[in-house]
Amino acid sequence: VVPAPSLGGATTSVETEPSGIVQEAEALLSQRVANEVSVTVIGGGPGGYTAAIRAAQLGGKVTLVERDELGGTCLNRGCIPTKALLEAAETLRTVRRARDWGIEVGPVSFSFEKMAQRMQRTVKQLRTGLEFLLEKHKIELVRGTARLVGPTQVEVQMNAGGVRAIQAERIILAAGSVPVRPSLPGADGLGVVTSDGLLAMTTQPERLIVIGGGAVGIEFAALFQELGTQVTVLEMLPTILPTEDRDVSVELSRLFERAGMTLLTGARVTEIVNLAGEPTVTYQRAGTTSEVTGEVVLLAVGRKAETEALGLRAVGLECDRANVIVNDRLETSLRGVYAIGDAVRGVGLAHLAMAEGVVAAENAMGQHREIDRELVPNCLYTHPEVASVGLTEQAAQQAGLAVRVGKFTWRASGRAATMGEREGFVKVIAREDDETIVGVHIVGPRATDLIAEAVLVLKFGMNVTELAETMHAHPTFAEALVEAALATRGEAIHQ
Ligand SMILES: Cc1cc2nc3c(=O)[nH]c(=O)nc-3n(C[C@H](O)[C@H](O)[C@H](O)COP(=O)(O)OP(=O)(O)OC[C@H]3O[C@@H](n4cnc5c(N)ncnc54)[C@H](O)[C@@H]3O)c2cc1C
């Protein structure tokens, strides 16, 4: 007697006699087919394709409906193209500094058009990989625009023409978001673009005005600044990156201004007028009305959930304006219909959409999972990079939490010195009572990779001693996290 192959988690014992094994396997297979749940996912962005793959892994019969390119905003108009361009700017910076390392290079030039072409190749390559993954998981890809017509019915206006009706036991809404155009005079004028428009450009603007100093606006500002464009950022709030720790936005503002960027905070834009082919932005700041003219104006003032076409209200599904309302299991007001990603919040992050995709798919397949949005890392791929997780010092103060703050500057890091990086810091916030680490904020080299360790530290509730007693290789960037944690006690070794 040997254990039979486990299907659907069940292990039984059968006789080794071959026909017995075959019969048993067939019985289990038919049982599994009978239990197969049909899942339809609307939207093929990071939330949607992750949900589709997870549901398929769990045995679901999955259909994914996408009206445009697979990969959604993230792959086609967001995370990946921006990082491909920022990486090109970083390479340019390295080549320009090569002499510092004793490397002689001739005159350095670049083509923005070729950088944009490389960006497109990178996107295409990843999209091909995604198509392969869907095929591998036997997910049916339906190309068209979906609409909910009932809790188990979806109607698709096919891209190739015609309408297709899909019946599904579970539906996952992952329709994402689109950029907001504010209701500002001139916001739809010539030379005024959103992130979608800017990423489609193949020529570099000489002067760029960015309206909005959040993550999207600042990444574009940093990119074009590095390439030599004259950049002005207009932000209504008193600081850029207003959700980051105050020290982070102060440090980044200092470094950007030193590099020649104009940062106008507390500036309220009132109108955009296109005079003689160039957009001029009028803004009010400290009681004065001023103007700035650019070649291109980027509107980076937020995004909006793309749920209008889904027909949600008609089927009685509750929304808060465009955002779909969900519970902790990511189920909507209609049983068996789930929603994830930017569709539930308008503006979001790809890794949050993906984490929600897993939770929604597992719930759709009969498990009981709740989403944990406590520890969502935030990253900015500028130079220097920025990354953070947990409480800011200001949030801790507002919550009345007694904390100690430790800072380690990259100037004191051996590894950073080998890379020629000196700017920025790692800031650790720990509770005063038991030294549990509750926040980590990094400005500097490899911040976006280093934050992964900080997320683990917070997730497992580690304190300063536990982190300090975890050996870190030398020389590495990760050592700075330990040093900053020790600095909360005034005990950093290298500073
Ligand atoms: C410039 C920029 C840079 C960014 N950089 C980062 C970053 O570095 N890191 C990060 O984490 N996040 C980043 N983001 C945010 C990230 O792109 C989004 O949070 C993420 O893509 C959301 O994923 P999603 O699956 O919810 O939706 P989306 O990626 O928006 O995908 C939704 C998909 O649904 C499709 N769809 C919509 N309606 C229908 C319908 N009715 N029928 C069929 N299909 C439909 C759309 O065509 C789209 O493909 C960036 C965003 C922008 C704009």
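Rounded to the nearest percent, how much of the accessible area of region 109-159 (1.4 Å probe, protein heavy atoms only) is carbon and sulfur? Walk me through the intermediate numbers first.
Values: 1600 of 3180 Å².
After summing per-atom areas, the C and S share lands at 50 percent.
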Acute angle (nearest 10 degrees) that the helix 447-459 long axis makes with the longest principal axis of the chain, alpha-carbon atoms: 60
With 5 Å bins from 0: P(r) over region 304-455, alpha-carbon pairs, percent: 2, 9, 14, 14, 14, 13, 12, 10, 7, 4, 2, 1, 0
Cubic angstrom per residue, convex hull over Cα atoms of the chain: 210
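Give me the percent of the accessible area of region 197-287 that comes from carbon and sulfur atoms, probe 1.4 Å, all protein chains in place.
Details: 1950 of 3770 Å².
Carbon plus sulfur share of accessible area: 52 percent.
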Principal-axis tilt of helix 18-35 within the chain, Cα atoms, nearest 10 degrees: 60
Structure-based [θ]222 nm, the chain - -39500 (n - 2.57) summed over DSSP H runs of at least 4, per residue, nearest 500: -10500 deg cm²/dmol
Under 14 Å from Lys304, Cα to Cα: aspartates and glutamates that are on another chain or at least 8 residues apart: Asp196, Asp320, Asp342
Per residue, in Å², the accessible surface of region 253-300 once ligands and nucleic acids are set aside, probe 1.4 Å: 48
Total charge dipole magnitude, region 217-294, about the Cα centre, Cβ charges on Lys, Arg, Asp, Glu only, Debye to nearest 20: 220
Residues of region 340-447: accessible area per residue with a 1.4 Å probe, Å²: 40
In Å², nearest 10: area of Asp434 left accessible to a 1.4 Å probe: 80
Accessible area per residue in Å² at 1.4 Å probe, computed on region 38-169: 51
Sequence-separation-based contact order of region 263-372, relative, with Cα cut under 8 Å and 6+ spacing, percent: 16
Share antiparallel - DSSP beta bridges, the chain, percent rounded to 5: 65
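Which of rounded, prolate, oblate describes region 430-495, given a ≥ b ≥ c as roots of the alpha-carbon gyration tensor eigenvalues and a/c under 1.5 marking rounded, otherwise prolate only if a/b is larger than b/c?
Values: a/c = 1.58, a/b = 1.20, b/c = 1.31.
Taking the square roots of the gyration eigenvalues as a ≥ b ≥ c, region 430-495 is oblate.
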Accessible carbon and sulfur surface of region 302-370 relative to its total accessible area, %, 1.4 Å: 49
Sequence-distant residues sharing a close amide H with Ala492 (under 5 Å, placed H): Ala487
His474 - accessible surface, heavy atoms, 1.4 Å probe, Å² rounded to 10: 130
Helix axis angle, 46-57 relative to the chain longest principal axis, alpha carbon, degrees: 30
Positive dipole terminus of the chain, leading residue within Ile429, Val301, Gln367 (C-beta point charges): Val301
Between region 349-372 and region 49-94, the Cα center-to-center distance that results, in Å: 17
Mean separation of Cα contacts under 8 Å (6+ apart) over length of the chain, as relative contact order %: 13
Exceeding the 20 Å Cα-Cα cut-off - candidates Lys427/Lys459; Lys61/Lys136; Lys61/Lys124; Lys61/Lys138; Lys83/Lys114: Lys61/Lys124
Local electrostatic count, Leu352, Cβ distance below 11 Å [Lys/Arg +1, Asp/Glu -1]: -1
Solvent accessible area, Å² - Thr262, 1.4 Å probe, full protein context: 60
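The values are calculated or read from the model by the stated rules, or taken from the named source; none is laboratory data. Here the structure is a predicted model, which means the values were calculated and not measured. Here the Cβ is made from the backbone with ideal geometry for all residues, glycine too, and neighbour counts use every protein chain on show. These accessible areas exclude ligands, DNA and RNA; they are computed on the full protein's heavy atoms, side chains included. Shrake-Rupley method; radii C 1.70, N 1.55, O 1.52, S 1.80 Å.
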